[in-house]
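J.: Take this structure first; my questions come after.
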Amino acid sequence: MTAHSVKRHRREGAHNRRQVVAVIGSGETADPQCEEVGRLIARLGCDLLTGGGGGAMAAVSRAFFETSPRKGIVIGIVPGAVDPLAALEERNDSAVEYKVWPGYPNDWVELAIYTHLPDSGREGTQRSSRNHINVLSADAIVALPGREGTESEAWLATQYGVPIVAYGEHGDVMPAGIPLARSLTEVRAFLARHVGPNARTNR
């Protein structure tokens with residue numbers, strides 16, 4: 001599937017579909033821009049999607065959750081693992097255990113989507129990573145500063161053709177070609193092109 005076909009697929013039936021903005025960033029530290037980004041997305045009437053964990057994910061989710069009024073909800077795509085996964089794949093009726101990583105989902109996630117996908121960080125582009133779900137479920141993505149996991153999601157966005165903008169101090173972590181918003185006003189302008197009532201005419 002090409003990037004163009006992903007975009008075309010997401011447009012079908014768009015008049016009935018909720019609009020989702022994903023925020024990616026560090027799972028350990030919260031960048032100063034997290035709160036203003038969370039509030040901005042809430043005021044646009046969109047749903048917020050994150051990886052459901054701590055750091056930037058929790059800070060953005062909290063700011064979004066505490067914004068009033070708002071129409072959207074906080075969605076968290078939660079990593080997990082099935083042990084042993086082969087028992088399910090082979091349907092051998094063995095006992096299995098499902099494990100969610102500590103700290104997931106954070107306290108502000110309103111819709112937790114639990115996955116059996118454990119990998120992130122440098123393994124974030126593998127088929128066993130939830131990053132594919134994070135990216136493909138978004139109408140637009142705001143990338144806050146992070147490390148390998150953030151870079152892998154950003155790279156997937158470029159491959160799948162999902163609109164993405166970087167915001168904050170990223171250094172040289174972001175893949176080439178991703179635009180940098182230098183202010184919240186520029187983030188708002190980016191999101192206005194891809195979500196909201198006029199977005200479909202701009203795609």
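What follows draws every value from the coordinates through simple rules; no lab data is involved. Not measured: the values here are computed from a predicted model. Here the Cβ is made from the backbone with ideal geometry for all residues, glycine too, and neighbour counts use every protein chain on show.
J.: Looking at the square roots a ≥ b ≥ c of the eigenvalues of the Cα gyration tensor of segment 130-191, which shape do they give, rounded for a/c under 1.5, prolate if a/b is larger than b/c, or oblate?
T.: Oblate is the answer for segment 130-191, as a/c is 1.5 or above yet b/c matches or exceeds a/b.
J.: Using θ = phi - 60° and the Karplus form 6.51 cos²θ - 1.76 cosθ + 1.60, what ³J(HN,Hα) does each residue of segment 98-115 get, whole Hz, x for Gly and Pro?
T.: 9, 10, 9, 4, x, x, 10, x, 6, 5, 9, 6, 9, 10, 9, 9, 8, 10
J.: Report P(r) for the chain: all Cα-Cα distances, bin width 5 Å, range 0 to the bin holding the largest distance, values in whole percent.
T.: Whole-percent P(r) values from 0 Å outward: 1, 8, 16, 21, 20, 16, 10, 5, 3, 1, 0, 0.
J.: How big is the dipole moment of the chain about its Cα centre under a simple scheme where the beta carbon of each Lys and Arg is +1, that of each Asp and Glu is -1, and everything else is neutral? Debye, nearest 20, please.
T.: Computed about the Cα centre, the dipole is about 1160 debye.
J.: Right, next: In segment 119-203, which GluC sites (Glu not before Pro) fall in coil by DSSP and have 13 or fewer other Cβ atoms within 10 Å?
T.: 169
J.: So what's the net charge close to residue 45: Lys and Arg +1, Asp and Glu -1, counting the other residues with Cβ under 10 Å from its Cβ? Each step should come with its number before you reach the end.
T.: Details: positive: 18, 43, 70, 71; negative: 47.
Net local charge, residue 45 excluded: +3.
J.: Can I ask one more? Starting from the Cα-Cα distance between residue 182 and residue 123, subtract it from 0.36 nm times their residue separation and give me the gain in nm to one decimal.
T.: Value of the extension gain: 18.3 nm.
J.: Defining a contact as two alpha carbons under 8 Å apart and six or more residues distant in sequence, what relative contact order in percent does segment 18-198 show?
T.: After rounding, I find 23 percent.
J.: Also: DSSP loop (so not H, G, I, E, B), at most 16 other Cβ within 10 Å: list which trypsin sites (Lys or Arg not before Pro) in segment 112-144 pass both filters.
T.: Passing both the DSSP loop test and the Cβ count: 127.
J.: Give me the number: length gained by fully extending residue 101 to residue 148, i.e. 0.36 nm times residue separation minus the C-alpha to C-alpha distance, one decimal in nm.
T.: Fully extending the segment from residue 101 to residue 148 adds 15.1 nm.
J.: Figure the gain on full extension for residue 113 and residue 92 (residue separation times 0.36 nm, minus the Cα-Cα span) and round it to one decimal in nm.
T.: 5.0 nm is the gain from fully extending residue 113 to residue 92.
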